[in-house]
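Everything on this sheet refers to the single structure shown next.
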Amino acid sequence: MTSTLTETAAAYVLAESPDAYVLTPTRLGIFTALRMAYAGDPAALRAIGRLEEAMGEGKVVVTAFDGVEGRCASVSRGQAVEHVFTATGCTCEGGRHPWHIHPMLFRLLLAERAIFDPAGLLAELCAATPPPADDEPPPPDDAHRPDWADEFPGL
Ligand SMILES: [Zn+2]
């Protein structure tokens, strides 16, 4: 199996595996965790089941994932159709449903990155989410200087 993800995100450890998009022991564990997290939500559980089934059949092809946004080939229409998905949205026809295969794929990939590449994931999240603009200037350095520091010149 060829992996485009390997070419676009070399730091993504799992992409270097020849079975990057199939069920692995780690992914099975994440599926169990997802089922526990959404135990009271039948729609979410159906989406988890569909994702696990598609992944088990080798129909899930992820082309990019940076922790904020992912891209994958359509499970039903093949690699000619690409979907873009985030934690809350998706470009596919099922995107109008809160729970379908792509929101769960996002969660699975995020958990996987957190396990295998936490530093890379954090760096990408920080780059994608700059701090909010602040109109107030930062306090002067002396604002955090303790009172007793005046007794010790040079501190
Ligand atoms: Zn979707």
Using the Cα centre as the reference, give the magnitude of the dipole from point charges on the C-beta atoms of region 40-80 (Lys, Arg: +1; Asp, Glu: -1; all else neutral), rounded to the nearest 20 debye. 180 debye
How big is the gap, in Å, between the Cα center of region 68-96 and the Cα center of region 26-59? 17 Å
Under-5 Å amide H pairs with Ala64, H placed in peptide plane, nonlocal only: Arg71
Summarise the long-distance tail of P(r) for region 72-145 by giving the % of C-alpha pairs beyond 14 Å. 72 percent
Ala149/Thr88 FRET efficiency (R0 35 Å; Cβ-Cβ; nearest 0.05): 0.15
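Might you report the magnitude of the Cβ-based charge dipole of region 4-124 about its Cα centre, with Lys and Arg at +1 and Asp and Glu at -1, to the nearest 20 debye? Let's see the in-between values first.
Values: 10 positive and 14 negative charges, 85 e Å.
Roughly 400 debye, rounded to the nearest 20.
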Which value results when the Cα radius of gyration for region 4-124 is divided by 2.2 N^0.38 Å? 0.98
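Rule-based calculations on the coordinates, nothing more; no lab input. This structure is a prediction, so every number in the text was calculated from the model and none was measured. No Cβ is skipped: glycine too gets one built from the backbone with ideal geometry, and neighbour counts run over all protein chains shown.
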